[in-house]
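Participant: Before anything else, here's the structure in question.
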Amino acid sequence: MAAQNLSQTTYCVVTYGCQMNKHDSERVCGLLEECGSDRVETIEEADIVVFMTCCVREAADIRLRGQVETMKNYPLREGSPLTKRVIAIGGCIGQRDGQSLIDDMPHVSVVFGTHNLNALPHLVMAAVADQSPQTEILEAGDSFWSDLPTVREHSWSAWLPITMGCNNFCTYCIVPYVRGREKSRPIEEIEAEAKKLVADGVKEITLLGQNVNSYGRDLYGKPRFADVLECVAASGVKYLRYATSHPKDLTDEVIKKFATLPNVAPALHLPAQSGSNRILKAMNRRYTRERYIDLVHKVRNACPDIALSTDIIVGFPGETEEDFQATYDLVKEVGYNQVFTFIYSKREGTPAAKIDDPTPHEVIQDRFDRLVDLVQEKAYERNQSDQDKVVEVLVEGLNKRNASQITGRTPKNQTIHASVPPSMDPSSLIGRICTVQVDVAKTWYLAGHLVGVGE
Ligand code: 5AD
Ligand code: SF4
């Protein structure tokens with residue numbers, strides 16, 4: 001086959017990880033399609049398989065290695081123009097492990113990192129042409145991928161990166177080492193991309209950054225995140241979301257924007273990580289439990305019906321029952337709509353990895369289980385406030401368990417299923433904003449019936 005193109009080939013991208021990784025995957029799809037490769041849904045059908053993998057917790061490492069190992073025995077599909085399947089590993093694991101992935105798994109053909117997504121097509125082509133593995137990792141990058149093609153998962157929803165990297169160095173976290181120092185994207189570029197997305201029919205934009213609240217620090221302090229919210233809201237997008245907010249940098253100015261900009265969705269992800277001041281200090285989070293609770297009050301005063309979500313790590317080295325109890329009480333006091341709970345995972349190279357911890361795994365698992373029970377109880381309670389209300393829904397598809405119903409998300413980011421009148425084809429509503437009367441509020445979803453169809 002010609003070295004310049006990948007026509008007649010098929011590809012699939014497997015993503016494990018955060019929204020930033022998922023967005024990078026959309027760029028990978030765009031790049032491969034530009035070279036003529038066709039997307040397929042399964043690894044078996046794909047001539048080129050790209051793994052975009054996160055290394056924040058060990059589980060993703062194990063999953064990736066297990067999956068790649070089993071692929072040794074997969075035959076290449078009939079009719080493939082290649083003689084051997086190309087397995088490429090990118091994302092945070094590619095960045096961190098580089099060539100050692102190929103040393104450990106010689107059937108891997110390409111390894112690339114977080115700073116050189118754009119190199120993927122030429123690495124794949126070189127691997128095919130030379131029949132030899134290719135690795136390219138850059139130590140740092142200074143470009144956003146705004147000039148790279150994108151294949152969005154949904155035509156009505158888009159991610160828009162505003163910062164790359166992270167300067168916070170929370171002591172448990174590997175991200176600053178694999179995504180590099182924080183860099184803000186010029187606001188003019190953000191504004192132009194938002195306008196283009198809205199002109200393309202996008203109804204929901206999620207601004208992405210490891211810490212969106214510190215936007216502008218590297219631009220001599222101006223513009224700030226509040227200015228970004230303002231300018232993206234002015235694009236007229238229906239729902240504006242953003243992730244992730246670091247509590248230490250969430251300013252009054254930003255909180256005011258939640259209340260005054262009507263298209264900023266009433267949902268805030270505000271990772272607490274722990275409710276113990278001693279552990280927060282050991283994590284280098286740079287806020288206290290009191291300051292966190294004060295922020296929650298400010299946010300709820302400005303926007304009373306806002307849905308709050310958070311991340312909690314259980315079992316940080318040296319966590320005592322008393323520390324855990326402080327976390328438990330924080331979760332109880334705040335009453336989140338959703339909590340992402342994680343058992344601490346030791347990441348080599350981070351400061352916390354050097355702290356010995358004699359706490360048995362069973363003790364940590366027991367704390368984790370108790371917390372999950374509380375999280376469910378609180379999520380159920382929160383959802384009850386929407387019982388019998390009429391809510392807006394951005395329809396994402398059909399209910400996987402009942403194809404006569406639509407499934408979507410509310411402005412508060414709740415999953416909702418709804419029945420539609422028999423005269424209506426539910427598929428015709430995908431990508432539209434409808435109104436639904438909520439009949440049932442469960443822990444993890446709402447259910448109801450369609451009452452209106454909008455834009
Ligand atoms: N162990 C467990 N959870 C972690 N997170 C980040 N690093 C670790 C780790 N080493 C969690 C944090 C973060 C989320 C994305 O992942 O809660 O907010
Ligand atoms: Fe990791 Fe902390 Fe940066 Fe979040 S803010 S990416 S937890 S170092």
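The values are calculated or read from the model by the stated rules, or taken from the named source; none is laboratory data. This one's a predicted model, so the numbers in the text were calculated from it and none came from an experiment. Using ideal geometry, Cβ is built from the backbone for each residue, glycine included, and neighbour counts are taken over all protein chains shown. Areas reflect the complete protein model, heavy atoms only, side chains present, ligands, DNA and RNA absent. Shrake-Rupley method; radii C 1.70, N 1.55, O 1.52, S 1.80 Å.
Participant: If I compute solvent accessible area with a 1.4 Å probe over the protein chains, what percent of it on the chain is carbon and sulfur?
Facilitator: 51 percent
Participant: Now for a separate question. Sort out for me the Cα centre separation of segment 52-67 from segment 346-410, rounded to whole Å.
Facilitator: Using only Cα atoms, the two centres lie 20 Å from each other.
Participant: Distance between Cα centroids, segment 174-250 to segment 14-32: provide it in whole Å.
Facilitator: Here the two parts' Cα centres lie 18 Å apart.
Participant: Suppose the Debye formula is applied to equal point scatterers at every Cα of segment 274-363; what is log10 I(q)/I(0) at q = 0.11, 0.13, 0.15 Å⁻¹?
Facilitator: Calculated log10 I(q)/I(0) at the listed q: -0.34, -0.47, -0.61.
Participant: Can you work out the accessible area per residue across segment 117-193, with the rest of the protein chains kept in place, probe 1.4 Å, in square angstrom?
Facilitator: Each residue of segment 117-193 exposes 44 Å² on average to a 1.4 Å probe.
Participant: Going down the list K248/K298; K22/K389; K22/K238, which pairs span over 24 Å between their C-alpha atoms?
Facilitator: Details: K248/K298 14 Å; K22/K389 33 Å; K22/K238 22 Å.
In this structure, K22/K389 lie more than 24 Å apart at Cα.
Participant: Turning to a different aspect of this structure: For segment 235-393, list log₁₀ I(q)/I(0) at each q in 0.12 Å⁻¹, using the Debye formula over Cα point scatterers of equal strength and ignoring solvent, two decimals each.
Facilitator: Each listed q maps to, in turn, -0.57.
Participant: Moving on. Could you give me the percent of Cα pairs per 10 Å distance bin for segment 325-455, shortest bin first, beginning at zero and ending with the bin that holds the maximum distance?
Facilitator: 12, 32, 23, 18, 12, 3, 0
Participant: In addition: Taking N as the number of residues in the chain, what value does Rg over Cα atoms divided by 2.2 N^0.38 Å take?
Facilitator: Normalised Rg, Cα atoms only: 1.01.
Participant: Starting from the Cα coordinates of segment 72-126, work out the convex hull volume and express it per residue in Å³.
Facilitator: Roughly 87 Å³ of hull volume per residue.
Participant: Calculated from DSSP H runs of 4 or more alone, at -39500 (n - 2.57) each and per residue, what is the 222 nm mean residue ellipticity of the chain, nearest 500?
Facilitator: -10000 deg cm²/dmol
Participant: Around D24, with a cut-off of 14 angstrom between Cβ atoms, what is the net charge of the other residues, counting Lys and Arg +1 and Asp and Glu -1?
Facilitator: That sum, taken over residues with Cβ under 14 Å, equals +2.
Participant: Given segment 18-78, report the % of alpha carbon pairs whose separation exceeds 18 Å.
Facilitator: So the pairs more than 18 Å apart make up 46 percent of the total in segment 18-78.
Participant: Sort by residue number and name the cysteines in the chain that have no neighbouring cysteine Cβ under 4.7 Å.
Facilitator: C12, C18, C29, C35, C54, C166, C231, C303, C434
Participant: Now for a separate question. How charged is the neighbourhood of K346? Take every other residue with its Cβ under 13 Å from the Cβ of K346, and add Lys/Arg as +1 and Asp/Glu as -1. Don't skip to the answer; put the middle values down first.
Facilitator: Numbers: positive: R57, R347, K354; negative: E58, D61, E348, D356, D357.
Taking every Cβ under 13 Å from that of K346, the sum is -2.
Participant: Would you mind estimating how fast segment 370-439 diffuses translationally, via Stokes-Einstein at 25 °C and 0.890 mPa s with the Kirkwood radius over Cα pairs, in µm²/s?
Facilitator: 189 µm²/s
Participant: Sticking with this structure for a sec: For the chain, with only Lys/Arg (+1) and Asp/Glu (-1) charged at the beta-carbon, what is the dipole magnitude about the Cα centre, in debye rounded to 20? Kindly include the intermediate steps, with their values, before the conclusion.
Facilitator: Details: 50 positive and 61 negative charges, 157 e Å.
Its charge dipole is roughly 760 debye.
Participant: On a straight-distance basis, which aspartates and glutamates could pair with K222 in a cross-link, Cα separation under 18 angstrom, same-chain partners fewer than 8 positions away excluded?
Facilitator: Candidates past the 8-residue exclusion: E182, E188, E189, E191, E230, D249, D252, E253.
Participant: Let me ask something additional. Please name which of Y177, N213, A265 has its Cα lying farthest along the dipole of segment 152-298 towards the positive end, using unit charges on Cβ (Lys, Arg +1; Asp, Glu -1) and the Cα centre as origin.
Facilitator: Most positive-ward Cα: Y177.
Participant: On a straight-distance basis, which lysines could pair with K84 in a cross-link, Cα separation under 19 angstrom, same-chain partners fewer than 8 positions away excluded?
Facilitator: Leaving aside lysines fewer than 8 places away in the same chain, those within reach of K84 are K72.
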